[in-house]
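Take a look at this one; I'll ask things after.
The values are calculated or read from the model by the stated rules, or taken from the named source; none is laboratory data. From a predicted model like this one, the values you see are computed outputs, not experimental measurements. No Cβ is skipped: glycine too gets one built from the backbone with ideal geometry, and neighbour counts run over all protein chains shown.
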Amino acid sequence: MPSQWSALNALTVDVEDYYQVEAFAGVVRREDWPNWESRVERNTKLLLEMFARHSVRGTFFTLGYVAEQHPQLIREVAESGHEIACHSYYHRLVYSQTPDEFRQDLRNAKHRLEDLIGATVIGYRAPSYSITSQSLWALDILIEEGFSYDSSIFPVHHDRYGMPDAERFPHVLHRPTGEIVEFPPSTVRIGGTNLPISGGGYFRLYPYPLFRLGWQKINRTEAESAIFFLHPWEVDPDQPIVPGTRLNIWRHRVNLSQTQRKLERLLKDFAFAPVREILAKRNLGLQTREMALAAN
């Protein structure tokens, strides 16, 4: 059971394999992906089992390529009551593509996922949070392609992503092509600076009591929902080592052996739901048919 605070938080998984992360894009070519041992099915099923034990449901931002290679896995995720959302097809950074390339990748992934689960996909998260001030045009394409919400704009400083002055909590973005809800990765604001506290490497790096304290501040003091993310490979300390720079290898592998234990604590301490259900319960001025159904 969740602790005494009642804020509902978003539980999200970026469904990709360990060798598909952006940090290794320079050493693992896309055409060589089939040559690597795939562990995404094993690791995703481990997360499904863990979530079932805690009676929680979440949103699985899924690569089209993973859905192509493991269609039954994605059906199993959806049949378990989780939301399926889009994480692109080939995990290419948004700002490394032209608008036409981005649109085609987006369409291919969305169609692949929808064909598998027989439902509309309304959510998107960019690989490595790569919707930045230089690629805000992607939001217009998301709206045109039928997406209702995005979770890609990280309000922090980082060498690969981030918009430090962006809003910190769910809000509606008004764009030339329409409106879209943005659910940013979570941060705590200290001394005028946003510090990331949303999951992934940050979750593995921070001591759990510090992470929990940050989320208590978001839920209790700011009365807002937080959003957590992780990747299936983050519960797999035995995964093969991918060549790369010392920094990239360290970022990828730091404290992998601790993720599962810390995640068990998080699922006990906080209340969770899929992204679309949280957004459906908030008065953000954007209620799609799918969001309205999810709230009932």
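Scan Leu256, Leu213, Leu247, Leu230 and give me the residue that is at pLDDT 95 or above, within 24 Å of Tyr161 (Cα to Cα) and surrounded by fewer than 20 Cβ atoms within 10 Å (Cβ to Cβ). Working first, answer last.
On the way: Leu213 fails: within 24 Å of Tyr161 (Cα to Cα); Leu247 fails: at pLDDT 95 or above; Leu230 fails: surrounded by fewer than 20 Cβ atoms within 10 Å (Cβ to Cβ).
After applying the criteria, what remains is Leu256.
Can you find a residue that is in a loop (DSSP other than H, G, I, E, B), within 30 Å of Glu145 (Cα to Cα) and out of contact with any helix residue (DSSP H, G or I) (no Cβ under 7 Å at 6 or more places or on another chain) anywhere in the stretch 194-202?
Yes, that holds for at least one residue.
Each row is one residue, and each column tells you yes or no for (1) modelled with pLDDT under 95; (2) acidic (Asp, Glu); (3) out of contact with any Phe, Trp or Tyr (no Cβ under 8 Å at 6 or more places or on another chain).
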{"site": "Ser3", "(1), (2), (3)": "yes, no, no"}
{"site": "Glu16", "(1), (2), (3)": "no, yes, no"}
{"site": "Val27", "(1), (2), (3)": "yes, no, yes"}
{"site": "Pro34", "(1), (2), (3)": "no, no, yes"}
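From the list Pro170, Pro185, which residue is within 15 Å of the chain's Cα centre (by Cα), closer than 18 Å to Thr221 by Cβ and crowded, with 19+ Cβ neighbours inside 10 Å? Explain how you work it out, then say what you get.
Values: Pro185 fails: closer than 18 Å to Thr221 by Cβ.
None of the other options fit; the residue is Pro170.
Okay, next question. Within the stretch 68-113, can you find the residues that are surrounded by fewer than 20 Cβ atoms within 10 Å (Cβ to Cβ), part of a helix (DSSP H, G or I) and of a type outside the set (D, E, K, R)?
Answer for the stretch 68-113, where residues must be surrounded by fewer than 20 Cβ atoms within 10 Å (Cβ to Cβ), part of a helix (DSSP H, G or I) and of a type outside the set (D, E, K, R): Gln69, Pro71, Gln72, Ala78, Tyr95, Ser96, Pro99, Gln104, Asn108, His111.
Has the stretch 148-163 got any residue that is farther than 30 Å from Leu210 by Cβ and modelled with pLDDT of 95 or more?
yes
How many residues are more than 21 Å from Leu11 (Cβ to Cβ) and outside any loop (DSSP other than H, G, I, E, B) if we restrict to the stretch 117-166?
Of the residues in the stretch 117-166, 8 are more than 21 Å from Leu11 (Cβ to Cβ) and outside any loop (DSSP other than H, G, I, E, B).
Continuing with the same structure: Under 6 Å between Cβ atoms, at least 6 apart or on separate chains: pull out the pairs that start in the stretch 131-155 with a residue that is under 10 Å from Val94 (Cβ atoms) and end on any residue that is in a loop (DSSP other than H, G, I, E, B) and of a type in the set (D, E, K, R).
Pairs that qualify, where the first residue is under 10 Å from Val94 (Cβ atoms) and the partner is in a loop (DSSP other than H, G, I, E, B) and of a type in the set (D, E, K, R), are Ser152/Arg125.
Return the only residue of Glu31, Glu37, Glu16 being buried (at least 18 other Cβ atoms within 10 Å of the Cβ) and of a type in the set (D, E, K, R).
Values: Glu31 fails: buried (at least 18 other Cβ atoms within 10 Å of the Cβ); Glu37 fails: buried (at least 18 other Cβ atoms within 10 Å of the Cβ).
Sole residue among the options that is buried (at least 18 other Cβ atoms within 10 Å of the Cβ) and of a type in the set (D, E, K, R): Glu16.
This table checks each residue for (1) under 18 Å from the mean Cα position of the chain (by Cα); (2) in a helix (DSSP H, G or I); (3) hydroxyl-bearing (Ser, Thr, Tyr).
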residue	(1), (2), (3)
Leu210	no, yes, no
Gly214	no, yes, no
Lys217	no, yes, no
Ser225	yes, no, yes
Phe229	yes, no, no
Arg251	yes, yes, no
Gln260	yes, yes, no
Leu267	yes, yes, no
Leu279	yes, yes, no
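If a residue must be closer than 20 Å to Glu234 by Cβ and acidic (Asp, Glu), how many such residues does the stretch 46-93 contain?
Residues in the stretch 46-93 being closer than 20 Å to Glu234 by Cβ and acidic (Asp, Glu): 3 in total.
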